[in-house]
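The values are calculated or read from the model by the stated rules, or taken from the named source; none is laboratory data. Owing to the predicted nature of the structure, the values given are computational and were not obtained by experimental measurement. Counting neighbours? That spans all protein chains shown, and the Cβs are built from the backbone with ideal geometry, glycine included.
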Amino acid sequence: RAVGGGFFGSAMLLGMSWGVRRGIFSNEAGLGSSVMLNSATSSDDEEKQGLWAMLQVFFDTIVMCTLTAVTMLVTGADKIAEDGITNAVYAFQCVFGDFSSGFVAIALTVFAVTTAAGWSVYGSNSLEYLSGGKGKSVFLVIFAAAAVLGATMKIELIWQLS
């Protein structure tokens, strides 16, 4: 009985760990960093800004993730490869033709560049606040080096580090 309980507890912990990781990487609400972006707007209407913040989480998680999953399941792309992006490109090619592979590549590039730019601003602003305005340029150099390193690493290692 104790062995069964230990196995069940370990399985739950592992499952929850992967769920939390996916929730964090699905959108920034899982991490809590989107607050920095939403609080830095020039809007005088906090209620409206809060609604936009909720809408971005809804659109990303419910709309986009669901559309991608349904497209992959309907086309059978989930059985093609282990890599999620390969499956997504195949699924969209089945539905929209060859045009979609270029579109996915461009969308992924725009997403990656804007995400990196956003995180560099988050990090440098946080460091500036914590250090009283010092070290911002050093942080940006380290961030750029880490971005280059991350771009050259194997994807499996990146997922393990995250």
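Listing for the model above:
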read-out: Out of D45, D83, D98, sole residue that is under 30 Å from F143 (Cβ atoms) and of a type in the set (D, E, K, R); value: D83
read-out: Test: residue in the stretch 56-78 that is loosely packed, with under 10 Cβ neighbours inside 10 Å, modelled with pLDDT of 80 or more and assigned to a helix (DSSP H, G or I); value: no
read-out: Number of positions in the stretch 125-154 that are within 23 Å of I85 (Cα to Cα) and either assigned to a loop (DSSP other than H, G, I, E, B) or touching a residue at least 24 places away in the same chain (Cβ under 8 Å) (or both); value: 3
read-out: The stretch 57-71 residues that are touching a residue at least 12 places away in the same chain (Cβ under 8 Å) and more than 20 Å from T86 (Cα to Cα), paired with ones that are of a type outside the set (V, I, T) and loosely packed, with under 13 Cβ neighbours inside 10 Å (beta carbon under 9 Å, 6 or more apart); value: none
read-out: Single condition A81 does not satisfy, out of (1) surrounded by 12 or more Cβ atoms within 10 Å (Cβ to Cβ); (2) part of a helix (DSSP H, G or I); (3) modelled with pLDDT under 90; value: (2)
read-out: Unmet criterion (only one of (1) over 30 Å from Y90 (Cα atoms); (2) of a type in the set (D, E); (3) at pLDDT below 85) for D45; value: (3)
read-out: Yes/no for W119 being of a type in the set (F, W, Y), part of a helix (DSSP H, G or I) and under 21 Å from W18 (Cβ atoms); value: no
read-out: G135, sole failed condition from (1) loosely packed, with under 12 Cβ neighbours inside 10 Å; (2) over 23 Å from I158 (Cβ atoms); value: (1)
read-out: Count of residues meeting criterion [over 20 Å from L14 (Cα atoms) and within 16 Å of the chain's Cα centre (by Cα)] in the stretch 142-160; value: 4
read-out: Verdict on G6 being over 30 Å from N125 (Cβ atoms), without any contact (Cβ under 8 Å) to a residue 24 or more places away in the chain, among the small types (G, A, S) and assigned to a helix (DSSP H, G or I); value: yes
